[in-house]
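Here it is, the structure, as structure tokens.
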Amino acid sequence: MAILKCKKCDFSKKVPERYVDAKVRCPECNEVVTVQAEAEDLALEDVIGMVPEDSAPEPARRHEAIPEEELTRKDAPLGDQPGIFEGGAAKNIMAGLASGIVTVMISIAIAGLVFSQGPLADNFHHAISMALISAIIMSMVVAARSGIACSAAGPESMAGLFLFLLTSSIYHQMGAGPAEALYPTVLASVFVAAVFTGLCLLAAGMTRSGDFIRYVPIQAVGGVLAGIGLIIIIQAFNLALGTNACLEELFMKYAQMEFCIKWAPAAALGIVLFICIRWIHNAYVIASVLLLSMGGLFGFLHYEGIGLAQARELGWLFAAHEPDLFWLQVYDVGFLKQIDWNVILDHAGHYAALAGLVLASTMIRVSEMEVLDSRPIDLNREFTALGFGSIFTGFAGGMPGALSLDRSLARRSAGAHGKIAGFIVALVCMSALAFSHKLLPYLPRFIPAGILFALGLGLMWRWIIETRTRFTQKGDYALLILIFLLTSTMGLLPGLAMGAGLAMLVTAGRYGSVSVVKHDISGAHFHSNVDRAPTQIAMLKTKGDHIYAMTLQGFIFMGTTNNLLEMILDRARDEERLPLKFVLLDFTFISGLDSSVAISFIKLKQMAQRHEFILIFTNVPFELEAQLGRAGCELDDPYGGSVTVVSMDYALEWAEDRILEEEDMLTIKQQALPSLLAPIFPEQKYIPALMKILKRIEVKKNKPVFSQGDPSDAMYFIESGMVNVQLELEGGKKLRLKKMGPGTVFGEMGLYTSAPRTASIIAAENCVLYKLSTKVMNLLQAKRPEIASSVHRFVVSLLADRVSGANATIRDILR
Ligand SMILES: Nc1ncnc2c1ncn2[C@@H]1O[C@@H]2COP(=O)(O)O[C@H]2[C@H]1O
């Protein structure tokens with residue numbers, strides 16, 4: 001072992017031997033520290049660290065433990081859904097009302113984004129209806145079908161931006177054609193996008209391919225979403241200014257006073273909203289900010305003596321419009337005849353990309369909800385719910401939507417734990433739809449612009465800043481930035497296509513199709529290198545199945561950890577075997593981790609707490625442990641039910657000790673050497689004579705009996721205490737070959753071959769040994785050859801036992 005000891009803040013931590021002389025940053029104060037070799041060999045207690053005495057894991061620190069019935073990963077029946085009024089009717093209704101106001105405002109903002117091109121902007125009120133229809137239907141369907149109580153779905157920034165690109169592209173393609181075909185074609189393309197996205201979600205949910213989507217490289221999705229964030233911010237400025245400019249044009253204009261006065265309130269509101277959405281996560285706070293800013297504008301207008309009509313002319317408020325039930329046109333033959341279906345077909349790439357991103361983002365958001373909720377959520381069921389919602393939305397004349405993590409969290413912290421909140425949101429949106437022609441003329445223009453600004457900023461922050469620490473390999477983050485730049489400069493579709501291609505190549509090249517689990521084995525077959533008494537070995541053969549050891553390999557990413565989690569869950573639920581108490585995961589063959597893996601390990605820790613087993617991570621590279629820690633997953637977290645241990649051998653020894661302790665067999669009654677030898681020595685009658693020629697010595701804990709390479713002059717019998725047989729490797733590294741206890745011998749190889757010592761022997765405890773020197777052995781051979789021959793046979797049978805033990809281990813590993 002080596003030690004990381006920071007002189008600045010006194011932080012100290014044991015780290016694996018191979019980090020000796022490495023320069024690392026102190027996890028506490030960030031000071032650069034050189035890792036030092038530790039002076040003495042470690043005792044087992046040192047290695048294990050501060051695992052609580054009581055081996056039963058402490059209750060979850062951050063989350064409540066979830067009962068077994070809720071573990072419905074594969075087939076979550078509807079009955080498992082949250083109740084209608086769960087958490088109290090009044091609380092849910094209030095939370096639903098606040099979320100409803102937020103949803104209406106966000107729907108208006110997304111509508112502004114979708115219809116911001118040329119004459120489409122004149123039909124902004126239609127886009128608002130389309131967005132509200134989506135919010136109503138998706139809120140109701142998701143409330144009825146989703147397994148997440150606070151699930152918020154409807155118009156959403158990423159899908160909104162896609163629709164903006166779709167409508168702009170159609171607008172540019174058809175600009176020269178007949179004007180009457182443009183609007184029906186644009187509307188139809190939005191409805192087709194909703195139905196197509198819904199069908200894809202439904203197909204993924206019904207074929208249960210949700211877990212397969214977990215393989216989508218996170219860098220590609222993250223880079224594209226960050227790019228989307230930037231484009232949304234540009235569009236937020238355009239909405240505030242009533243322009244249609246690109247980034248450079250906006251840069252030219254932003255400082256001019258007449259523009260500044262229009263974009264500054266939107267940007268200020270955007271920043272405040274961004275902070276509320278990201279860190280406060282509360283629907284009441286967000287709704288209050290929106291209502292207060294509206295009040296602020298009317299106060300300002302009143303103070304300045306500006307009338308509403310004048311404010312509309314100045315571009316502060318939206319224009320009034322006549323009420324119409326435009327979406328019913330969808331089923332009007334005249335309307336259908338005007339649609340240019342070729343143009344719609346030309347945009348097949350847009351629909352496919354939109355559906356792909358909605359699928360991938362749903363997968364990421366559901367995974368994050370799983371961690372926050374501390375329980376598995378059936379991804380396929382969420383796909384199915386969103387799929388139905390999106391299809392109904394398309395047929396009712398609404399725009400495609402998606403699941404929103406931020407809005408779901410805001411709804412949850414406002415107290416929405418029952419389904420009713422989703423229906424209340426739908427009711428609020430219905431009222432807004434019915435009165436939109438009356439309300440819109442009173443809506444300040446900077447509000448939807450500010451919301452878009454906050455949504456765009458949120459996407460960029462989430463994917464460019466927050467995820468940075470999650471990437472264990474610098475290349476992953478660089479790839480994300482590359483895809484972000486491609487998306488922002490070349491456009492969404494080329495960026496998406498190139499990004500996905502690049503990320504898939506990288507991931508496939510790194511990992512291929514090799515399973516993350518190199519081998520898994522039960523503790524009944526695979527034991528630590530500790531020489532134990534025959535009764536203890538027999539006990540471990542019967543009870544060792546409480547231990548499940550796995551060696552991991554290769555490059556781990558979310559898709560592969562899913563398989564690992566399922567293997568462990570299957571083992572934990574296997575009632576035909578002994579209850580699972582210890583899961584050992586060895587990282588020796590791990591070459592790297594993807595960013596998303598932290599979430600999987602957090603889930604694994606939550607599973608450990610639910611099923612009451614202890615997770616022991618072994619041979620974890622220091623950088624990976626630090627990276628996972630920064631991403632929110634502490635591996636060495638004794639009170640959270642997981643520990644890191646230097647090697648699989650020590651971890652096995654510790655778990656075995658706990659099992660023996662439980663059976664009251666950890667300490668074997670101390671016996672004198674003659675009685676220890678009696679059952680195993682070939683001829684018992686020679687034991688008293690042998691004892692006379694042995695020399696008793698005592699060795700203190702941690703002191704060497706001899707060191708590797710020393711000349712060999714004796715072999716030793718152990719009467720009490722344990723010794724470590726330690727191989728000294730190049731570069732000062734040490735490897736424990738064996739731990740030996742009472743009744744056995746060591747140093748026999750040197751005695752018989754006269755070669756230098758092949759390993760060092762260090763006392764792991766205070767020991768009493770009996771020494772048989774070469775000189776005395778030679779005398780014995782000459783004077784009492786029958787006793788010498790008995791000793792030879794004893795040593796041979798011990799060596800034979802050791803070899804057959806090693807063979808059994810190899811056989812089990814290869815099984
Ligand atoms: N792989 C091993 N397993 C168990 N004991 C060992 C192993 N290798 C060496 N030893 C013991 O460690 C001792 C080191 O000194 P010797 O080589 O004299 O004799 C050696 C054996 O008794």
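The values are calculated or read from the model by the stated rules, or taken from the named source; none is laboratory data. All values reported here derive from a predicted model rather than from experimental measurement. Note: ideal-geometry Cβ built from the backbone for every residue, glycine included; neighbour counts use all protein chains shown. Surface areas here come from the heavy atoms of the whole protein model, side chains and all, with no ligands, DNA or RNA. Shrake-Rupley method; radii C 1.70, N 1.55, O 1.52, S 1.80 Å.
If I filter segment 120-144 down to residues being at pLDDT below 90 and out of contact with any Phe, Trp or Tyr (no Cβ under 7 Å at 6 or more places or on another chain), which single residue comes out as farthest from S431 (Cα to Cα)?
D122
Within segment 729-752, which residues are hydrophobic (A, V, I, L, M, F, W, C) and more than 8 Å from the ligand (Cβ to nearest atom)?
L729, L735
Looking only at segment 630-645, filter to residues that are assigned to a helix (DSSP H, G or I) and in contact with a helix residue (DSSP H, G or I) (Cβ under 9 Å, 6 or more places away or on another chain); which one of those is most open to solvent (accessible area, probe 1.4 Å)?
Taking the candidates together, the pick is R630.
Among the numbered criteria (1) surrounded by fewer than 16 Cβ atoms within 10 Å (Cβ to Cβ); (2) in the same structural domain as V530 (by TED's automatic domain parsing); (3) not polar (S, T, N, Q), which one does M648 miss?
(1)
Any idea how many residues of segment 685-708 are within 16 Å of the ligand (Cβ to nearest atom) and of a type in the set (S, T, N, Q)?
The total comes to 2.
Is it the case, given these coordinates, that G299 is modelled with pLDDT of 90 or more, surrounded by fewer than 13 Cβ atoms within 10 Å (Cβ to Cβ), under 46 Å from the mean Cα position of the chain (by Cα) and at negative phi?
Spelling it out, it is not the case that G299 is modelled with pLDDT of 90 or more, surrounded by fewer than 13 Cβ atoms within 10 Å (Cβ to Cβ), under 46 Å from the mean Cα position of the chain (by Cα) and at negative phi.
Of the residues A782, A788, A806, A755, which single one is near the ligand (Cβ under 9 Å from one of its atoms), assigned to a helix (DSSP H, G or I) and either of a type in the set (V, I, T) or in the same structural domain as D710 (by TED's automatic domain parsing) (or both)?
A806
Let me ask something else. If a residue must be open to solvent by 40 Å² or more (accessible area, probe 1.4 Å) and not hydroxyl-bearing (S, T, Y), how many such residues does segment 144-176 contain?
7
Check off (1) farther than 26 Å from N563 by Cβ; (2) open to solvent by less than 10 Å² (accessible area, probe 1.4 Å); (3) not in a loop (DSSP other than H, G, I, E, B) for A352 and give me the number that stays unchecked.
Here A352 meets the rest and fails (2).
I'd like the residue in segment 534-564 that is in contact (Cβ under 8 Å) with a residue 12 or more places away in the chain and surrounded by fewer than 17 Cβ atoms within 10 Å (Cβ to Cβ) and, out of all such residues, is farthest from K738 (Cα to Cα).
Across segment 534-564, the extreme among qualifying residues is N563.
Would it be correct to say that D346 is touching a residue at least 12 places away in the same chain (Cβ under 8 Å), over 23 Å from F162 (Cα atoms) and surrounded by fewer than 22 Cβ atoms within 10 Å (Cβ to Cβ)?
It is false that D346 is touching a residue at least 12 places away in the same chain (Cβ under 8 Å), over 23 Å from F162 (Cα atoms) and surrounded by fewer than 22 Cβ atoms within 10 Å (Cβ to Cβ).
Which of the residues that make up segment 667-691 are within 20 Å of C767 (Cβ to Cβ), touching a residue at least 12 places away in the same chain (Cβ under 8 Å) and open to solvent by 20 Å² or more (accessible area, probe 1.4 Å)?
Selection gives I668, Q670, Q671, A672, P674, L676, I680, M691.
Do we have P682 as more than 16 Å from the ligand (Cβ to nearest atom), closer than 28 Å to R757 by Cα, in a loop (DSSP other than H, G, I, E, B) and in contact with a helix residue (DSSP H, G or I) (Cβ under 9 Å, 6 or more places away or on another chain) here?
Answer is yes for this residue.
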